[in-house]
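The next block holds one structure in the form of C-alpha cells; read it before the comments.
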Amino acid sequence: MSTEIGIWVAGFLTLAIMSFLYKDNPVYKAAEAIFLGVSAGYWTVYMFFNVVKPLLIDNLVKGNFWYLIPLVLGLMMLARLLPNIGWISRWPLAFVIGITAGLNFYAFLASDVIGQIEGAIKPLNNWGGEHLLKSQGLWNTLASIGVISTLVYFFFSKEHKGLFGKTAGIGILFIMVGFGGSFGYTVMARISLLIGRMYFIFSTWLGLAS
Amino acid sequence: MEKFFEKLLNIDRKIIFLLIALSTSVPLFYFYPQKIIANKASRKYNDAINKLEEKTKKGEEVVVLISGEYDPGTVPELSPMARATIKKLLDMKVKIIIMGLVPMGPPLLMEEFNELLKEPKYSDVKYGIDYVNLGYTVGNAVVIKGMVKNIKDKYPVDVMGTDLNELPLMRKVKNFDNIDMIVNFSSMGGGVKTWIQFAKKTTEESMDIVFGCTGVMVPESYPYLNSGQIQGLLGGLKGAADYESLIKEPKNATKYIFAQSIAHVIIMLFIIIGNIAFFVTRKKRV
C-alpha cells in the first residue's frame, strides 16, 4: 500500500468520479469541481511561465519590439470580455484564421488529397502468394472497389438508381465496416483507460496486484 | 423464454458496469502470458525502427526525435509503447531528442525515460550527449515548420534553460536534415497529420515517421500508413502489446492486454445476447 499522500488523494478522487456510475452524488460533484479548479489554475500558471513569459515578456525586456505586435493582438482578443468593444477581437481572430488557412491549405492538399490519391492507386495484379487471402492483389482490388463505391455514395448530383445506386449501396457497406472498425477501436481505447485506472487502484495505491 | 429475454433487455446497467469492472480488475491479479500476434501495422513499426540498427552497426550516428502529444488521461495506452520504443532505441545506441507540442507530453515521456535510465545497463547514457529534452513549446504546425530549417529558431534552450549550443548532441543536430526518424506518440486531434504535412519532404530521401496513437485515432491514421506517408503504426493498447512482444520485452501493455481480452469477451457476449433478445421479443413489441 502506498505511503504517498498524493497517491491517496488520487485514489479517493478516482473512486469519487467512478461513483457517478451508481448515481449522481455530492462526492462526484466535489471531485468534478476539484478537477476543473485545479486544471484551470495549473494551466494558467503553466501557460504564463512556459509561453507568455519566455516567448513574449522576455523578448520585450530584451528590447525586441517586434513582439509588441503579438502583445497588441493578444490584448485586442481580450476585448471580447467587454460587450461594447467586443468587435475589436475580430481583428486578431481574422489574423489567426488567415495564418492557419494559409499554412494548412497547401499542406492539407499534399497530405490528404495528393498523398491519399497516390496511396489509393495500387496495382491490381499480383494474385500469387501462399493462398488467395494473402495475395496483395485481392486486398488492393477490394480497397479500390471500396474507394470507388464510397465516392459514388457521396455523389449526390445523380439519383442513386440502377447500377449507380447499386454501386452506392456497396459504398454503404464499406462505410459501415469503417464505422464498425471505429466503434471497436473506441471501445478498446476506453477499456484500456479503465484498465489503467484499475491498475492504479489495485497496484500503485493499494499494492494488491503486482 | 420471451420473459427471460425481456428481463435481459431491461437489465440494470449497474450489473453491466460491475461485470466490466470485474473483467478489467480481476485479471490484473493473475499474469496470464497471452500469446500476442502482432498485426501488420505494428510489424511495419518494428521494421522501421530496426532499419536504424543497420546504420548504428556501421558506426554511423543515428538521431531520433520523439514527440509526445498526450496527457495523463491516455497514459495507459501510450506510455507502454513509448517506454518500449525508448528502450529499443537506447539498446541500439541511438541518440534521442524529446519534445512535445502538448505541455504534458515531454514530462510523460521523460517519466518513462528516467525509469529506464535506472537500469544499470544504461548507466553510461548521458544527458546532452546521448539524449536531450527540449520540452514543450506553443505553436503546433508553426513549430514543426520552423524546426525543419533550424531547430534553434523554435527551441533556443532545452527544458532546463540550457543553451542548445552548450549541448554536444544539439551542436550536431541543426535541423531535420540531421534527424533520421520522427516518432510521434499522440492522443490529440491533429496527431501525426501535422508531422506529415510540415516535417516530411515530398522526396524519397525524407526521414521516416512512425506513429503511436490511442485506439480512437487508429481508423483515421491507417490511410497514412497505407499510402506510405508513415512507415509504422502502433494502435492503442494492442499496438503497445504487439511492440512489447516484437522486441521481447513484456511489460505493462502485455499485462493489461489479458484484462482487455476478458473485457472484450464480456462486451461481445452482451452484444450477442442483446441482439438475440431483441429479435426474440420483437414480435411482441410489434
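The values are calculated or read from the model by the stated rules, or taken from the named source; none is laboratory data. Quick caveat, the model's predicted, so the values are computed rather than measured. Here the Cβ positions follow ideal geometry from the backbone for every residue, glycine too, while neighbour counts run over all protein chains shown. We work out accessible area using only protein heavy atoms, side chains counted, and drop any ligands, DNA or RNA first. Shrake-Rupley method; radii C 1.70, N 1.55, O 1.52, S 1.80 Å.
Per-structure values
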{"read-out": "Dipole magnitude of the range B:80-153 about its Cα centre (Cβ charges: Lys, Arg +1; Asp, Glu -1), debye to nearest 20", "value": "240 debye"}
{"read-out": "Extension reserve of the residue A:81-residue A:116 stretch, reckoned as 0.36 nm per residue once the Cα distance is removed", "value": "8.3 nm"}
{"read-out": "Solvent-accessible area of residue A:210 with every protein chain in place, 1.4 Å probe, in Å² to the nearest 10", "value": "90 Å²"}
{"read-out": "For the range B:20-40, residues shielded by at least 30 square angstrom of accessible area compared with the chain on its own, probe 1.4 Å", "value": "B:24, B:25, B:28, B:29"}
{"read-out": "Reach of residue B:51 by Cα under 17 Å, taken over aspartates and glutamates that are not fewer than 8 positions away in the same chain", "value": "B:60, B:61, B:91, B:180, B:204, B:205, B:208"}
{"read-out": "Shielding by other protein chains, B:217-229, mean Cβ within 10 Å", "value": "5"}
{"read-out": "Under Karplus coefficients 6.51, -1.76 and 1.60, residue-wise ³J(HN,Hα) of the range A:203-210 in Hz, glycine/proline x", "value": "9, 5, 7, 8, x, 8, 9, 7"}
{"read-out": "Set B:87/B:255; B:35/B:55; A:134/B:251; A:62/B:154; B:3/B:283 screened for pairs whose C-alpha atoms are more than 23 Å apart", "value": "B:35/B:55; A:134/B:251"}
{"read-out": "Most positive-pole-ward Cα, B:214, B:52, B:63, against dipole of chain B from beta carbon charges", "value": "B:214"}
{"read-out": "Gyration tensor (alpha-carbon) shape descriptor, the range B:38-255, a/c threshold 1.5", "value": "rounded"}
{"read-out": "Potential lengthening between residue A:135 and residue A:5 on full extension [0.36 nm per residue; Cα-Cα distance subtracted]", "value": "41.1 nm"}
{"read-out": "Accessible surface, chain B, averaged per residue in Å² (probe 1.4 Å)", "value": "46 Å²"}
{"read-out": "Packing rank of B:145-151, A:175-181, where each peptide gets the mean count of other beta carbons within 10 Å, highest leading", "value": "B:145-151, A:175-181"}
{"read-out": "Contact order relative to length of chain B, as percent, for alpha carbon pairs under 8 angstrom and 6 or more apart", "value": "28 percent"}
{"read-out": "Gyration tensor verdict on the range A:123-210 (Cα atoms; rounded if a/c is under 1.5, prolate if a/b is larger than b/c, oblate otherwise)", "value": "oblate"}
{"read-out": "Surface accessible to a 1.4 Å probe, per residue, for the residues of the range A:123-210, Å²", "value": "63 Å²"}
{"read-out": "Carbon plus sulfur fraction of accessible area for the range B:38-255, probe 1.4 Å, in percent", "value": "51 percent"}
{"read-out": "Three-way shape label, the protein assembly as shown, alpha-carbon gyration tensor, a/c 1.5", "value": "rounded"}
{"read-out": "Accessible area of residue B:91 in the full protein assembly, 1.4 Å probe (Å², nearest 10)", "value": "70 Å²"}
{"read-out": "Chain B: angle of helix B:13-25 to the longest principal axis, Cα-based, in degrees nearest 10", "value": "50 degrees"}
{"read-out": "Which of A:111, A:52, A:186, positive extreme of dipole for the protein assembly as shown (C-beta unit charges)", "value": "A:186"}
{"read-out": "Carbon and sulfur %, accessible surface of the range A:123-210 computed with the full protein complex present, 1.4 Å", "value": "72 percent"}
{"read-out": "On Cα atoms only, tilt of B:236-246 relative to the major axis of chain B in degrees", "value": "60 degrees"}
{"read-out": "Among B:97, B:66, B:196: highest mean-square fluctuation, GNM of chain B, C-alpha pairs under 10 Å", "value": "B:196"}
{"read-out": "Estimated 222 nm signal from helices in chain A, with DSSP H stretches of n ≥ 4 weighted -39500 (n - 2.57), rounded to 500", "value": "-21000 deg cm²/dmol"}
{"read-out": "Selection from B:278, B:135, B:258 lying farthest towards where the dipole of chain B points positive, charges on Cβ", "value": "B:278"}
{"read-out": "Rounded tilt (10° steps) of A:26-47 against the dominant C-alpha axis of chain A", "value": "80 degrees"}
{"read-out": "Average partner coverage of B:66-78, which counts Cβ from other chains inside 10 Å", "value": "2"}
{"read-out": "Among B:188, B:160, B:99: highest mean-square fluctuation, GNM of chain B, C-alpha pairs under 10 Å", "value": "B:160"}
{"read-out": "Computed magnitude of the charge dipole of the protein assembly as shown (debye, nearest 20; Cβ of K, R +1, Cβ of D, E -1)", "value": "1260 debye"}
{"read-out": "Carbon/sulfur fraction of accessible area - the range A:1-94, other protein chains in place, 1.4 Å, %", "value": "76 percent"}
{"read-out": "For the pair A and B, total buried accessible area rounded to nearest 100 Å², probe 1.4 Å", "value": "3600 Å²"}
{"read-out": "Highest to lowest packing among B:234-244, A:86-96, scored as the average C-beta count within 10 Å", "value": "B:234-244, A:86-96"}
